[in-house]
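First the structure, in the form of structure tokens, and then the observations on it.
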Amino acid sequence: MLSSTLNPVLRALIARFDVDCGLDGSLLLNSLKDFLGGNVDLCENCSRLSRNIAKPFYNLGMRAFRIKKDFLQRQFLSAEYSEAWLKGFGLMMKGIRKYGVRVPFTPAGPFEIVWNFTYTCNLRCKHCYEDAGKKRPELSTEQALEVIDVLSRTAGVGLPALSFSGGEPLMRKDFFEVAAYAKKKIPYISIATNGTLLSKDNVERLKDVGVDYVEVSLDGATAKVHEEFRQVLGCFEKTMQGIRNSLDAGLDTCIATTVQRLNLDEVEKVVSIAEELGVRFMHFNYIPTGRAKSFVELDLTPDERLRVLELLGRKIFDLYLRAKEEEQRFGKSSVVVDRFFSTCPQYASVVKRIVKEHGERFAVSAHYATKRGVENVANFLGGCGGGRLYMCLEPNGDMKPCVFFATGKHTVLGNILKDNFERVWDTHPFLWKMRSRENLETYNVGGRIVGCGNCKDKYICGGCRARAFSYFNGDVDAPDVGCIDNEALWEKIVKSVT
Ligand code: SF4
Ligand code: SF4
């Protein structure tokens, strides 16, 4: 943990170059481009601040996190989504300026927002956190565009990434209009869909508006298993066709599976489908919230979840080893490592154990991203990112820390069109509770102390706070009983409620 004396120095230093110049715009972003050798033309004052204050600061930061300059040059100057990375960097620096360096880290605004764009849906999935299908008031098109404007100004930097979810986002007739507007103001746009409406026409329209990533839910390798869970006959073939259409249109596509007891035996087959199609695989953690609260018995045991995470962990680690070997032999590699992910924060902990057995340096951090040899960054990013790296918007504009929290008086932080987003982000007590790992609880089960508060991996994982909230009736600091390390508590508590 950084000393309380270092933080004031860092904050004061950043404040010196976190300025908006009338001539050049944000010096925070421009100074990074300048440091990395990007093409920026700065006025005399900005140039001096960039050279004398920002540059030494970046040099120190790179050394502290053992990050190479050519990596930063690729990410911030030439990568496909360098604009999103730059905004993320701006939020990170402003986060240090506002709150100091914390472990895990809190930026000045979320890197990503998942917007449940509608309560409507054409399926009736058992896991639906939104309990979609019930009619409730939603924002109008005009209000939705206003939301995009608010997001594009987040913390004076702007949101890096926005994901449309639901319900089924393609059920709203104005989806393409709002997504096109979003793409003009937010660099990375994605959609999470059940895939049934991914007709050839619709995937072309997604492409035309510039959607960067399409995540399609597939909950079984067969119609029987997928449809039993999704509760609509005939939806399996439509979803499979939607995946194929998305791929044929050249869209970056991912298969996402909510793993639960009905499809546990088919997980490997679904992973194989993803591998054969050459798309990413995302494991969604089953959280008993929304409609899933009525199907709590579908939740996996800690041991079952561990086996799923080990399956994915071994696969991503194999890819890492293959990439490493190719790099050693040929100087570069074409192996894409970022293929197998989980929304389950224990993924970081499980991969860490696998990697340790092989004496390697590789980390999965914030349960979405892989990191080569930068474990420090994993601690910093800190596993569960709800209300910290990411947050959720409801179809009526209500803000929540994560889609997996039940909607209620403790979890609704305000409304994006009625309340000041920045003030909510800076001050809401529920968010600050979620951002700290120091208050995570422990339990004594038969003389054994368990719980995330007692765990050595609490900074890279932290447990799913939404799962804790659900199983412990609103206690967001409670243990994640889905974790193998908390199995004793699972046995004691969960078995008593099922
Ligand atoms: S005990 Fe909690 S923090 Fe530790 S690995 Fe398990 S879920 Fe994560
Ligand atoms: S609460 Fe945290 S770990 Fe759980 S789904 Fe949300 S962001 Fe992920």
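In order along the stretch 45-53, phi translates into HN-Hα couplings of 5, 4, 4, 5, 5, 5, 6, 8, 10 Hz, rounded to whole numbers, per the Karplus curve 6.51 cos²θ - 1.76 cosθ + 1.60 with θ = phi - 60° and x for Gly and Pro.
Return, ordered by residue number, the residues of the stretch 155-182 whose backbone nitrogen is under 17 Å from a label point located 7 Å along Cα→Cβ of D201. Once the point is set 7 Å along Cα→Cβ of D201, 170-177 turn out to lie under 17 Å by backbone N, inside the stretch 155-182. Let me know the shape class of the stretch 357-498, please: from the alpha-carbon gyration tensor, a ≥ b ≥ c as square roots of the eigenvalues, rounded when a/c is under 1.5, otherwise prolate if a/b is greater than b/c, or oblate. Judged from the Cα gyration tensor, the stretch 357-498 comes out oblate (a/c at least 1.5, b/c at or above a/b). Dividing the summed helix terms, -39500 (n - 2.57) for each DSSP H run of n ≥ 4, by the number of residues in the chain produces a 222 nm estimate of -11500 deg cm²/dmol to the nearest 500. Using θ = phi - 60° in the Karplus curve 6.51 cos²θ - 1.76 cosθ + 1.60, the 3J(HN,Hα) couplings for the stretch 269-282 round to 5, 5, 4, 5, 4, 4, 5, 4, 7, x, 10, 5, 10, 10 Hz; x is entered for Gly and Pro. Taking amide H as placed 1.01 Å from N in the peptide plane, the amide H of C121 sits under 5 Å from that of G133, E168, each at least 5 places away or on another chain.
Would you kindly state how much longer the chain becomes between V412 and E360 on full extension, computed as 0.36 nm times their sequence separation minus their alpha carbon distance, in nm to one decimal?
14.5 nm is the gain from fully extending V412 to E360.
In the chain, the DSSP beta bridges split such that about 30 percent are antiparallel, to the nearest 5. Sparsely packed loop sites in the stretch 351-434 (the GluC sites (Glu not before Pro) outside DSSP H, G, I, E and B with at most 16 other Cβ atoms within 10 Å) comprise E360. By the rule of a C-alpha distance below 23 Å, with chain neighbours fewer than 8 residues away ignored, the lysines paired with K185 are K33, K87, K94, K173, K207, K400, K418.
Would you work out the relative contact order for the chain, in percent, from Cα pairs under 8 angstrom that are 6 or more residues apart?
13
Determine, from the Cβ-Cβ distance of E146 and R63 and an R0 of 35 Å, the FRET efficiency 1/(1 + (r/R0)^6), rounded to the nearest 0.05. Efficiency at R0 = 35 Å is approximately 0.20.
What length, rounded to one decimal in nm, is gained on full extension from D208 through to R124, with 0.36 nm per residue of separation minus their alpha-carbon distance?
Computed gain between D208 and R124 is 27.3 nm.
Spin-label model, V232/E327: points 7 Å from Cα along the beta carbon direction are separated by 4.3 nm. Shown in residue order for the stretch 409-420 are the 3J(HN,Hα) couplings computed by the Karplus curve 6.51 cos²θ - 1.76 cosθ + 1.60 at θ = phi - 60°: 5, 7, 9, 7, 8, x, 10, 5, 8, 10, 10, 7 Hz (x for Gly and Pro).
The simple spin-label model puts a point 7 Å past each Cα toward its Cβ; for L23 and E441 those points are separated by 5.8 nm.
For a Förster distance of 30 Å, can you work out the FRET efficiency between the beta-carbons of K173 and K293, rounded to the nearest 0.05? Efficiency at R0 = 30 Å is approximately 0.50. Residues of the chain were split at every exposed loop site, defined as trypsin sites (Lys or Arg not before Pro) in a DSSP loop with at most 16 other C-beta atoms within 10 angstrom, and the longest piece left, sites excluded, is 174-260. Remark: V476, V336, V351 ranked as V336, V476, V351, counting other beta-carbon atoms within 10 Å and listing the fewest first. Backbone amide hydrogens, once placed in the peptide plane, bring N285 within less than 5 Å of T343, C344, excluding anything fewer than 5 places away on its chain. Taking other Cβ atoms within 10 Å as a rough exposure proxy, S78, S163, S246 sort from fewest to most as S78, S163, S246. With a ≥ b ≥ c the root eigenvalues of the C-alpha gyration tensor of the chain, is it rounded (a/c under 1.5), prolate (a/b larger than b/c) or oblate? Cα axes put the chain in the rounded bin.
All of the numbers you see were taken from the coordinates with simple rules; none came from a lab. From a predicted model like this one, the values you see are computed outputs, not experimental measurements. Reconstructed Cβ throughout: ideal geometry from the backbone, glycine too, with neighbour counts over all protein chains shown.
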